[in-house]
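The values are calculated or read from the model by the stated rules, or taken from the named source; none is laboratory data. Just so it is clear, the structure is predicted and the values come from calculations on it, not from any experiment. Because the Cβ atoms are built from the backbone with ideal geometry, glycine has one as well, and the counts that use them run over all protein chains shown. These area figures cover heavy atoms from the full protein model, side chains too; ligands, DNA and RNA do not enter into them. Shrake-Rupley method; radii C 1.70, N 1.55, O 1.52, S 1.80 Å.
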Amino acid sequence: MPAVGGFDKGTGKAYPGNLTPYVTVTCVVAAMGGLIFGYDIGISGGVTSMAPFLQKFFPSVYRKEALDKSTNQYCKFDSETLTLFTSSLYLAALLSSLVAATVTRKFGRKLSMLFGGLLFCAGAIINGAAKAVWMLIVGRILLGFGIGFANQSVPLYLSEMAPYKYRGALNIGFQLSITIGILVANILNYFFAKIKGGWGWRLSLGGAVVPALIITVGSLVLPDTPNSMIERGQHEGAKTKLRRIRGVDDVEEEFNDLVVASEASKLVEHPWRNLLQRKYRPHLTMAILIPFFQQLTGINVIMFYAPVLFKTIGFADDASLMSAVITGRVNVLATIVSIYGVDKWVRRFLFLEGGTQMLICQVIVATCILVKFGVDGEPWCLPKWYAIVVVLFICVYVSGFAWSWGPLGWLVPSEIFPLEIRSAAQSVNVSVNMFFTFIIAQIFLNMLCHMKFGLFLSFAFFVVVMSFFIYFFLPETKGIPIEEMAEVWKSHWFWSRYVNDGSYSGVELVKENYPVKNV
Ligand code: BGC
């Protein structure tokens, strides 16, 4: 029986190619698409903890938080309108990532990125100028549409552009820019909150135009991926592009495989319906479970609500925003570790190590919160070092996420789907991610109110489940060319029964029927 991790010896294929300056610059520019997502994640938590913002748009939350000192600490910020402000964006992103599947497939990855940038820009302007709650919500919905397009197209773009040996590192550029976006937003919140007159939140929200312009301009100057050009019938151009990207003339084998994959994908009339076929069961399972589990690590509780959470634990306003800056910094640094390691160490190791680290920290943080507030939420007066310990463990938790589920949650799905279902499956991945981001954003404050410290234990439970899932069901994908990924499932102890039933690959069908000559 094949090993639990399945295939890890490579497919025997080794396409020639280098990490050229051209591909590096291209991937760095494209990866900046993650900035808009990150900026938004980081900005909302800080803004919703700014008193002038709450006073203007959510006065009842403000009164409850600022004036009613007797309220149970666990329930201080529990307001559905406030969470709707944060979460509405993710529902919009979910919807637009479904539309983006068709745009990405039919018109190329670049156009989706362009739409992403433009929509996000419009949302940022409306939010920065907001005078009423409805303007905030409309702005958030436009931001969400932008994120749906960008998150659908950028990871695919990166995985297709990168030479397979460096695919992990280049793809994690996307996650790195998410984390940089979060950090920049945290820092800006910290300073803008100090602006006299209380209009700093306008700068925080309106500042989103900057990352939006970066991706908009980026999408105009970036080249198309060879895969996408072939998919749209531009074979000659694709071959020339592939030579330029790889920095070698001998791209025949890779090019031919791309053409074969593209022919196979043309045999598929309905990528969405296709996804439901038995042979795509492993892909569909990963497209659903990886983003689901990524969100159930509980990371966004920290990302969205760190300032609110730190305030709940008893920090002053300023210290809460500062602590968010600290966790944001740890997030960026740990992502860099994963860029360094992802193509050296196996992906499964990173998943399992990160999971263990998160689990330990969640149990410790839950215990600390229990000691501080007990079961009924009455704060005890505890020494300062106690708060420092909590922040420290939250940092260790964030670093565990940042070198495992954070980047791999985007990398692994973008590299395992065959071309014929790639866009559709990636949309499933993005929409499941957005749906659970929405759920966490929408119900976290309410869950904190009801489950109290136990909330952190429930995330710990899911971390155990997801680690078992990775151990038994995720094959290793490091060092496998993207169009050769079929082999990985064929030799997996569990998934082989789905893909080895004689009908697996459209690619094989095409290879038999249309042997590709040099184009
Ligand atoms: C996740 C986000 C999360 C971020 C934190 C991303 O991979 O999709 O939901 O907020 O990582 O760095």
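Under the Karplus relation 6.51 cos²θ - 1.76 cosθ + 1.60, θ = phi - 60°, what is the ordered set of whole-Hz ³J(HN,Hα) values for segment 418-426, x standing for Gly and Pro?
Calculated HN-Hα couplings, in order: x, 3, 5, 10, 4, 5, 5, 5, 5 Hz.
Given 0.36 nm per residue, what is the gain on full extension from LEU276 to VAL389 after removing their alpha carbon distance, in nm?
Here the answer is 35.9 nm.
Quick one: what are the phi-derived ³J(HN,Hα) couplings along segment 458-470, Karplus 6.51/-1.76/1.60 with θ = phi - 60°, whole Hz, x for glycine and proline?
Result, ordered by residue: 5, 5, 4, 4, 5, 5, 5, 4, 5, 5, 4, 4, 4 Hz.
Label-point separation (nm) for LYS196 and TRP493, each offset 7 Å from Cα along Cα-to-Cβ?
So the label points at LYS196 and TRP493 sit 6.8 nm apart.
How would you classify segment 382-447 from its alpha-carbon gyration tensor, with a ≥ b ≥ c the square roots of the eigenvalues: rounded for a/c under 1.5, else prolate if a/b is greater than b/c, otherwise oblate?
It comes out oblate by the Cα gyration axes.
Leaving ligands, DNA and RNA out of it, rank PHE459, PHE393 by accessible area with a 1.4 Å probe, largest first.
PHE393, PHE459
Hey, can you find the accessible area per residue of segment 236-275 for me, probe 1.4 Å, expressed in square angstrom?
Per-residue accessible area for segment 236-275 comes out at 46 Å².
Could you give me the ³J(HN,Hα) list for segment 394-400, computed from phi with Karplus coefficients 6.51, -1.76, 1.60 and θ = phi - 60°, whole Hz, x at Gly and Pro?
5, 5, 5, 4, 4, 5, x
In the structure displayed, which of LYS279/LYS344; LYS110/LYS241; LYS56/LYS194; LYS165/LYS239 lie more than 23 Å apart, Cα to Cα?
Too far apart for the 23 Å limit: LYS279/LYS344.
Rounded, prolate or oblate: which one fits segment 202-284, using the alpha carbon gyration tensor with axes a ≥ b ≥ c (rounded when a/c is under 1.5, else prolate when a/b beats b/c, else oblate)?
Cα axes put segment 202-284 in the oblate bin.
Under a 1.4 angstrom probe, counting protein chains only, how are HIS450, HIS235, HIS270, HIS492 ranked by accessible area, largest first?
Final ranking, largest accessible area leading: HIS450, HIS270, HIS235, HIS492.
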